[in-house]
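Participant: My structure is below; once you've seen it, I'll send some questions.
The values are calculated or read from the model by the stated rules, or taken from the named source; none is laboratory data. In this text the structure is predicted, and so the values were computed from the model without any measurement. FYI the Cβ positions are ideal-geometry reconstructions off the backbone, even for glycines, and counts take in every protein chain you see. These accessible areas exclude ligands, DNA and RNA; they are computed on the full protein's heavy atoms, side chains included. Shrake-Rupley method; radii C 1.70, N 1.55, O 1.52, S 1.80 Å.
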Amino acid sequence: MDSKLLIFVIAGLIMLSYSTYDAFAQPLQEVNADVIEFDGTFGIIEISWNNNGASYYEVGCVSCMPNLSDTTPENSMILNDVTAFANGDALLYVIAYDENSEIITATQVIMKLV
């Protein structure tokens, strides 16, 4: 999938989750991403977030080629082989789901890979 299209889809999901879904959980207010290792091309990123009462989370990388995505019930994840856009920015996201696999909230993180 084209990375610009994927960014558009994620942005739409974020807007949709805020505008049409009455979530009983808290938003993802405290999302942190730290570069553990970077070799100039690929990075290992640890991303973590506040416990907002979700059943599980989808964590992914839009700037990665190919795009990365995985799910976890935990409040953190290690992403391997993270790459950046040409400007050096990596685009990551976290989507929180309820027990019915409905989106509660989502957030994106833009960070420099250095």
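Participant: How far apart, in nanometres, would the label points at residue 76 and residue 39 be if each is projected 7 angstrom from Cα along the Cα-to-Cβ direction?
Facilitator: 2.4
Participant: Further, regarding this structure: For the stretch 80-92, what does the Karplus curve 6.51 cos²θ - 1.76 cosθ + 1.60, with θ = phi - 60°, yield as ³J(HN,Hα) per residue in whole Hz, taken in order and with x for Gly and Pro?
Facilitator: 9, 6, 6, 10, 10, 5, 4, 7, x, 8, 9, 10, 10
Participant: Related question: Choose one of 54, 29, 40: the residue whose Cα lies farthest towards the positive end of the charge dipole of the stretch 26-112 (beta-carbon charges +1 Lys, Arg; -1 Asp, Glu; about the Cα centre).
Facilitator: The Cα lying farthest towards the positive end belongs to 40.
Participant: Would you work out what percent of the accessible area of the stretch 26-112, with all protein chains in place, is carbon or sulfur (probe 1.4 Å)? It would help to have the intermediate numbers written out before the result.
Facilitator: Numbers: 1910 of 4320 Å².
Percent of accessible area from carbon and sulfur atoms in the stretch 26-112: 44.
Participant: Sequence-distant or interchain residues sharing an amide H contact under 5 Å with residue 63, placed H: which?
Facilitator: Long-range HN contacts for residue 63: 91.
Participant: Which value, in Å², gives the accessible area per residue of the stretch 26-112 when a 1.4 Å probe is used on the protein heavy atoms? Could the numbers behind the result be given before it?
Facilitator: Values: 4320 Å² over 87 residues.
Here the residues of the stretch 26-112 average 50 Å² of exposed surface.
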